[in-house]
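Some notes on the structure that comes next.
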Amino acid sequence: EGLGDTGQSYLLGRDGLLRSDLRQTIERPDRRRSTAVLTAPPPPAAAMLRSESPARVAGVEWRVVAEIEEQEALRPVSELQRGLLLIALILALALVLIAYWLGGSITRRLRSLADNVQRLAGRDFRARVAVEGRDELAQLALDFNRMAQDLERTTVSKDEYRELAGKLITAQEDERRRIARELHDDLTQRLAAVAIDAGNLEQRLPGEPALARLKTQMAELSRDVHLLSRN
């Protein structure tokens, strides 16, 4: 019992001969009448796992021997090894599939982020990245979306830039015309009034060289103001 298919136990004397029959002799019907006690040594131990111990019997020096074929004895170990190998292969396949799925998910999200970065570089400020999960890539997507939103609010498009530039030029032209009108109308009229007063003084004080110089300077100043207003 418990010795499997090839295991057996027997007694062995000091002379190396059997003191009990072997299992195969007992179990095979054609050999039941024959005995190996005191007539045969034990079978060779090749490919067998054998263990022995002294038999404590009064007046004799026997040994108890137990043996079993190595292949049968190690069969549970081999089965365990095969089972562990199968489990390892299954786990490795599962890990590969999980890594492939995770890698594909990460690659897809990185490609989406790269595509939207290119759109943003092309001044498409409506580019947005889908936020998936709560990992570092999701945080990166949130930061990108906030940056794109800020740029969309603060960055002027080409059409808006042209419109603003046109308004600025128009405002500059209007301001220049206003200054020109003030120079031409207001200042020129005042210079003319001063020139008239200088002429009246010259009639009262004929031959006064200071008044003559003043009229000349007023005329030159009037021409300069007129030229400045035109420019």
Q: Taking all protein chains together and a probe of 1.4 Å, list 211, 95 from the most accessible to the least accessible.
A: 95, 211
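Which semi-axis lengths, in whole Å and largest first, follow from the square roots of five times the eigenvalues of the Cα gyration tensor of region 37-110?
On the way: eigenvalues 678, 29, 7 Å².
Equivalent ellipsoid semi-axes, largest first: 58, 12, 6 Å.
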Q: Rank 127, 205, 195 by how far each Cα sits towards the positive end of the charge dipole of region 93-231 (+1 on Lys, Arg Cβ; -1 on Asp, Glu Cβ) and give me just the farthest.
A: 127
Q. For region 1-49 and region 101-154, what is the separation of their Cα centres, given in Å?
A. 80
Q) For the chain, what does -39500 (n - 2.57) per DSSP helix run (n ≥ 4), summed and divided by total residues, give at 222 nm, in deg cm²/dmol to the nearest 500? A) -20500 deg cm²/dmol
Q: Starting from the exponent 0.38 and prefactor 2.2 Å, build the expected Rg for the chain from its residue count and divide its actual Cα Rg by it.
A: 3.36
Q: Return one number: the angle in degrees, 0 to 90 and rounded to the nearest 10, between the long axis of the Cα atoms of helix 188-204 and the longest principal axis of the Cα atoms of the chain.
A: 20
Q) Taking only Cα atoms, what is the 0 to 90° angle, nearest 10, from helix 136-154's long axis to the longest principal axis of the chain? A) 10
Q) If you stretched the chain out fully between residue 131 and residue 162, how much longer would it get, using 0.36 nm times the residue separation minus the C-alpha to C-alpha distance? A) 7.6 nm
Q: For region 119-231, state what percent of all Cα-Cα pairs lands in each successive 5 Å bin, counting from 0 Å until the bin that includes the largest distance.
A: 2, 10, 11, 9, 8, 6, 6, 5, 5, 5, 5, 5, 5, 5, 4, 3, 2, 2, 1, 0
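Rolling a 1.4 angstrom probe over the protein heavy atoms, how many square angstrom per residue are accessible across region 1-113? Walk me through the numbers before you get to the answer.
On the way: 8530 Å² over 113 residues.
Roughly 75 Å² per residue, with all protein chains present.
The values are calculated or read from the model by the stated rules, or taken from the named source; none is laboratory data. Quantities reported herein were computed from a predicted structural model and do not represent experimental measurements. Reconstructed Cβ throughout: ideal geometry from the backbone, glycine too, with neighbour counts over all protein chains shown. For accessibility, only protein heavy atoms count, side chains too; no ligands or nucleic acids. Shrake-Rupley method; radii C 1.70, N 1.55, O 1.52, S 1.80 Å.
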